[in-house]
Amino acid sequence: MCLLTTAACAQVAAPSAASVAPAARQIAAPVQAVAVPAADGASAAAWKFIRLIKLRNPGAASLDRRGALYVADADNNLRQYSPQGLLLNTYAPAQPGNVAQVEAWNVTTTLVFNDDRQQLVLLDRFLTLITEMRLADFLDGTVRVATLAPDNRIWLLDESNLVLREFDPNTRLVIQNTPLDLIIGRARPDFRFLRQYQNNTYLVDRNTGIYVFDNLGTYRMKMPIAGLNMVGFRGDELYYFADGALHFTHLYNQTERRVALPADVPAAEVRQVLVGEGFAYIFTAAGVSVYQCN
């Protein structure tokens with residue numbers, strides 16, 4: 001695992017950002033500010049630069065269980081890289097669409113969601129096409145975000161009807177529906193990301209925070225962390241990039257810590273960060289920088 005120890009990566013404890021407050025009762029301060037120490041020799045040594053994947057304006061990305069990296073390029077092709085950043089496979093669709101989300105955690109099946117075409121694409125571990133599905137054939141509404149669950153079912157956020165749906169790609173049927181209107185209350189959501197991890201489903205609303213549901217779609221809690229486009233998971237922690245640093249929140253005891261980026265990385269240029277097994281990936285307009293972290 002990429003441990004990012006305290007001495008090595010200049011992390012600092014911070015108060016919890018998780019909350020079980022009802023959705024209609026918003027919490028004003030999403031995260032208490034904590035000063036992140038400037039990178040010194042020890043923190044810089046923890047990030048060992050491996051290579052730059054030259055990929056102009058990289059888009060949606062995901063890591064699988066084995067640490068392989070999947071990235072959509074500017075032409076909406078999907079590229080698969082080894083944990084060290086070496087190109088393995090490329091999927092070029094016959095009819096490109098905007099890749100809004102990629103989910104590769106299951107290894108054997110990768111989901112690509114094209115929001116402009118309202119299409120789900122399933123690929124095998126070599127990025128060979130398994131099937132394509134037009135959502136208009138099964139749903140009466142516009143899907144904003146989608147993700148693949150460990151059981152290969154697909155969670156969809158139906159933005160038109162404000163419903164979280166679970167879809168079975170084998171039977172082509174919707175099997176779970178969770179209306180969100182009472183959960184969200186009067187808030188005006190801007191949904192950006194959806195992910196299932198450790199039997200919970202996490203729905204990221206940039207305006208108000210992260211809504212958490214169990215694996216049956218039952219609402220559990222809200223983490224009032226606003227301003228996010230996506231989140232990642234490593235071990236028992238949820239992480240995200242904000243305010244020039246990586247923030248980690250433990251999923252069960254809600255403790256928090258922050259990790260400074262490598263000293264040579266301008267935080268203002270960072271678009272997203274993924275952290276995997278021993279490697280971290282920092283996305284900028286120029287490509288993806290691969291770092292080994294100890």
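Nothing in this text is a laboratory measurement; each read-out follows from the coordinates by a stated rule. The structure displayed is predicted, hence computed values, not measured ones. Note that we place each Cβ from the backbone using ideal geometry, even for glycine, and neighbour counts take in every protein chain shown.
Here are a few things to note about the model shown:
- Cα-based shape type of region 6-293, given that a ≥ b ≥ c are square roots of the gyration tensor eigenvalues and the cut on a/c is 1.5: oblate
- Once the chain from V174 to M221 is taken as fully extended at 0.36 nm per residue, the excess over their C-alpha distance is 14.6 nm.
- Separation between Cα centres of region 95-155 and region 201-217, rounded to whole Å: 19
- Of every Cα-Cα pair in region 120-169, the percent that sits beyond 18 Å: 30
- Taking θ as phi - 60° and the Karplus parameters 6.51, -1.76 and 1.60, the scalar couplings of region 162-168 work out to 6, 9, 8, 10, 10, 10, 9 Hz in sequence order, x denoting glycine and proline.
- Computed Kirkwood radius, in angstrom, where 1/r is averaged over Cα pairs of region 153-234: 12.9
- Set the Cα radius of gyration of region 73-161 against 2.2 N^0.38 Å, with N its number of residues, and you get 1.08.
- Net length available on complete extension from V107 to K48 is 18.6 nm, with 0.36 nm assigned per residue and the Cα-Cα distance removed.
- The charge dipole of region 6-293, taken about its Cα centre with unit charges on the Cβ atoms of Lys, Arg (+1), Asp and Glu (-1) only, comes to about 320 debye.
- Amide H contacts under 5 Å for E237, placed H, 5+ residues apart: L251
- 5 angstrom amide H check on E159, placed H, neighbours 5+ away: T142, V143, R144
- Net +/- balance of residues flanking G85 in space, Cβ distance below 12 Å, scoring K and R +1, D and E -1: +3
- For R65, distant residues with modelled amide H under 5 Å away: V107
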